[in-house]
1. Can you tell me which residue is surrounded by the most Cβ atoms within 10 Å (Cβ to Cβ) among those in segment 94-116 that are under 12 Å from Y53 (Cα atoms) and charged (D, E, K, R)?
2. Going through segment 84-95 one residue at a time, which ones are at pLDDT 85 or above and either among the small types (G, A, S) or out of contact with any Phe, Trp or Tyr (no Cβ under 6 Å at 6 or more places or on another chain) (or both)?
3. Suppose we filter N26, N42 for residues that are at pLDDT 85 or above and not aliphatic (A, V, I, L, M); which single one remains?
Amino acid sequence: MIKTVKIISIFFISMVFFTCVAKADNNLLGRISYHKINRSFNLNNKYTRANVYNHIPNTNIKNIKSKSIDKINLKNNTIHVDLMATQGTRYNWYRFYINDKHNKTIKYWVYGNILK
């Protein structure tokens, strides 16, 4: 009886351990490190087909919304970036902000492949 309990408990502990390891490997892409910057960037000619996001995709945040960059009424091809995020992908993510018609500041995230 004691031998059976030991075998079952070892099996249970190993299953919990392997489940935790598998979950950690799935979220490896979602690890993000943030860096404060204060820089302006010009958008390249691909920017008309790009999307902006309220949060960085591939993270654990729920309700991530996207919209076309054409819909946010940029005054010119220059954006001011205040935060950069590295996620282990080819390009970094950049957070920029604009003021809407009610003088409210709105922040968006954009993928770095559309910046010059």
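1. To start, the set of residues in segment 94-116 that are under 12 Å from Y53 (Cα atoms) comprises 94-97, 106-111.
With the extra rule that they be charged (D, E, K, R), the set shrinks to 95, 107.
Details: R95: 20, K107: 13.
Per the criteria, the residue is R95.
2. Of everything in segment 84-95, those that are at pLDDT 85 or above and either among the small types (G, A, S) or out of contact with any Phe, Trp or Tyr (no Cβ under 6 Å at 6 or more places or on another chain) (or both) turn out to be A85, T86, N92, Y94.
3. None of the others qualify; the one that does is N42.
The values are calculated or read from the model by the stated rules, or taken from the named source; none is laboratory data. What you see is a predicted model, and the numbers here were worked out from it, not measured in a lab. So basically every Cβ, Gly included, is an ideal-geometry build from the backbone, and we count neighbours across all protein chains shown.
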